[in-house]
Amino acid sequence: MRLRQGEPAERVPQGWPGWPYNRAVTTVRGLLNRLRWDAAAERRGVVIEIRTREEGIERLQLIDYESVVAILPRGVSLAGDTFLPYHRFVRVRRDPEVLWPPPEGV
């Protein structure tokens with residue numbers, strides 16, 4: 001279906017399986033802000049996978065989205081004054097869906 005100039009596009013029903021929640025989001029900061037401010041966003045079960053290094057061994061650590069206190073230009077603040085820079089983020093997911101990074105071609 002092609003739209004004519006000035007013609008409104010149809011809204012896609014929420015939860016439509018072919019329309020991922022993160023379709024228009026390109027940055028992790030954008031996704032986190034969308035989760036925070038979009039009233040329709042399902043925040044429950046969202047986890048952030050981050051890269052940590054302990055004693056020279058790199059590991060993945062899971063952080064609950066609910067523990068994010070502030071979304072800042074260079075990273076996020078967690079409860080307890082912990083700052084996580086975005087370069088440590090590996091992915092954001094709500095099992096089994098990966099919310100960020102977006103799939104190629106979306």
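The values are calculated or read from the model by the stated rules, or taken from the named source; none is laboratory data. Just so it is clear, the structure is predicted and the values come from calculations on it, not from any experiment. Counting neighbours? That spans all protein chains shown, and the Cβs are built from the backbone with ideal geometry, glycine included.
Miscellaneous remarks
- Within region 60-106, the set of residues being in contact with a helix residue (DSSP H, G or I) (Cβ under 8 Å, 6 or more places away or on another chain), without any contact (Cβ under 8 Å) to a residue 24 or more places away in the chain and either within 19 Å of Trp37 (Cβ to Cβ) or among the aromatic types (Phe, Trp, Tyr) (or both) comprises Gly75, Leu78.
- Looking across region 65-106 at every residue that is of a type in the set (D, E, K, R) and exposed (fewer than 14 other Cβ atoms within 10 Å of the Cβ), the one that is farthest from Ala41 (Cα to Cα) is identified as Asp81.
- Residue match in region 1-23 (condition: of a type outside the set (A, V, I, L, M, F, W, C), modelled with pLDDT of 85 or more and assigned to a loop (DSSP other than H, G, I, E, B)): no
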